[in-house]
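Just so it is clear, none of the values below were taken in a lab; they were calculated from the coordinates. All values reported here derive from a predicted model rather than from experimental measurement. Quick reminder, even Gly has a Cβ in these numbers, built from the backbone with ideal geometry, and neighbours come from all protein chains shown.
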Amino acid sequence: MRDMKLLSFEEAIAQSEDGKSRHLFLGNGFSIACRPDIFVYGKLFERADFSRLSSSARKAFEALSTTDFEKVIKALRDASRLLSVYAGASEDLRTLMKQDADGVRDVLVQTIASSHPEMPSDITDAEYGFCRRFLCQFKTTYTVNYDLLLYWTQMHTTQGIAPNSDDGFRKPEDDFEALYVTWEPHQAHDQNTWYLHGALHVFDAGIEIQKYTWVNTGIRLIEQIRDALSRDYYPLFVAEGTSDEKLERIRHSDYLAKAYRSFSEIQGSLFVYGHSLAVNDEHYLKRIEQGKLSAVYVGLYGDPKSDSNRAIIKRALLMQERRRSGRKLEIYFYDAESAHVWR
């Protein structure tokens, strides 16, 4: 592995394209940096309720020595497919594994919602201030997180001042009194915030994509989400086990497919924060390899020589090697803690 200079976040910003061509890609580390006692997978697992699944579903985590929901979802689906080629394998067992894979996904949604901070005021004004200063340095924000922290931060403005973010949701054109807002492709031309894998407050209502809001109902957003979940009404949520499965889900949603295309078309520089460049998000890493970006700045937490950071560095440099277009892709690394996203 080549010698690598670790930039400070300030140095990376100064070196990168100007703000009009600088974009942000957020992973779960964005939320963990704010509330590590809630958003790490280990903490979510401790709070998860598996009572509605088979007795084997929870044991799958133990068998794989993991608390990562997506790893277990992938393993269950892979095992179900493998059983199909073995003579004598029970069809009932295959079906149960597929049902448990779907069930673990739903448990993840339920657990994030149930353990989520109750209201925006649970995040301090100082934390919002740091985060808004961080976000304002980017033209477009793409996130694979499901929680409400990004949305809360973008909405946390001085009274009377409109947010400078736009997630593309508007009052329904045929029902201006609706208690929700909707997303339509023709309204998305100024959109600068994309939930690449969906979000807790974004629901697929079949003929339209709806977003729950507080301002239209006076009911706390997390309460609305929990009420919907109690009625088995689930948000737009991509938590399939493999990258290919996630991409399949994305291609079958108008909103998610548009987000995917938007990410594919960005130019200039991209800052990666809180994302491990893991294999289950290859569908977006490949868009970087095959896209038009000229530079990617990857945030590293802690010792760059740690096993986890070495894996991130290796995958980032592979993106550079695989660049297919005529445009050269530069890869840089910065100290994620120096970004002071929340404090």
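Distance cut-off 24 Å, Cα to Cα: go down the list Lys5/Lys258; Lys258/Lys286; Lys98/Lys258; Lys211/Lys286; Lys98/Lys314 and report the pairs above it. Working shown, then result.
Details: Lys5/Lys258 36 Å; Lys258/Lys286 16 Å; Lys98/Lys258 28 Å; Lys211/Lys286 29 Å; Lys98/Lys314 33 Å.
Over 24 Å Cα-Cα: Lys5/Lys258; Lys98/Lys258; Lys211/Lys286; Lys98/Lys314.
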- request: Please give every one of the lysines within straight-line cross-link reach of Lys43, meaning a C-alpha to C-alpha distance under 16 Å, and leave out same-chain neighbours fewer than 8 residues apart.
  value: Lys71
query: Taking R0 as 35 Å, what's the FRET efficiency between Asn164 and Glu321 from their Cβ-Cβ distance, rounded to 0.05?
result: 0.45
- prompt: If you take the beta carbon distance between Gln267 and Glu62 as r and set R0 to 30 Å, what does 1/(1 + (r/R0)^6) give as a FRET efficiency, to the nearest 0.05?
  reply: 0.05
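What shape does the range 41-115 have by the C-alpha gyration tensor, where a ≥ b ≥ c are the square roots of the eigenvalues, rounded means a/c under 1.5, and otherwise prolate means a/b greater than b/c and oblate the rest?
Numbers: a/c = 2.55, a/b = 2.05, b/c = 1.24.
Since a/c reaches 1.5 and a/b is larger than b/c, the shape of the range 41-115 is classed as prolate.
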statement: Plugging the Cβ-Cβ distance of Glu330 and Glu208 into 1/(1 + (r/R0)^6) at R0 = 45 Å yields, to the nearest 0.05, a FRET efficiency of 0.65
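At 0.36 nm per residue, and after removing the present C-alpha to C-alpha distance, how many nm does the segment from Arg81 to Asp37 gain when stretched out fully? Walk me through the intermediate numbers first.
Details: separation 44, 0.36 × 44 = 15.84 nm, distance 3.55 nm.
12.3 nm is the gain from fully extending Arg81 to Asp37.
Compute the Rg/Rh shape ratio of the range 4-128: radius of gyration over Kirkwood radius, all on alpha-carbon atoms.
Values: Rg = 20.2 Å, Rh = 17.7 Å.
Radius of gyration relative to Kirkwood radius: 1.14.
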task: Assign unit charges at the C-beta atoms only (+1 for Lys and Arg, -1 for Asp and Glu), then state the dipole size of the range 41-115 relative to its Cα centre in Debye, rounded to the nearest 20.
output: 80
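Based on alpha-carbon positions alone, could you give the equivalent ellipsoid semi-axes of the range 65-174 from the gyration tensor, as √(5λ), descending, whole Å?
Working: eigenvalues 353, 51, 36 Å².
Value: 42, 16, 13 Å, ordered largest first.
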task: Express the relative contact order of the range 41-115 as a whole percentage, based on alpha carbon pairs under 8 Å and six or more residues apart in sequence.
output: 42
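Give me the percent of Cα-Cα pairs in the chain that sit more than 31 Å apart, rounded to a whole number.
Values: 20254 of 58653 pairs.
The share of Cα pairs beyond 31 Å in the chain comes to 35 percent.
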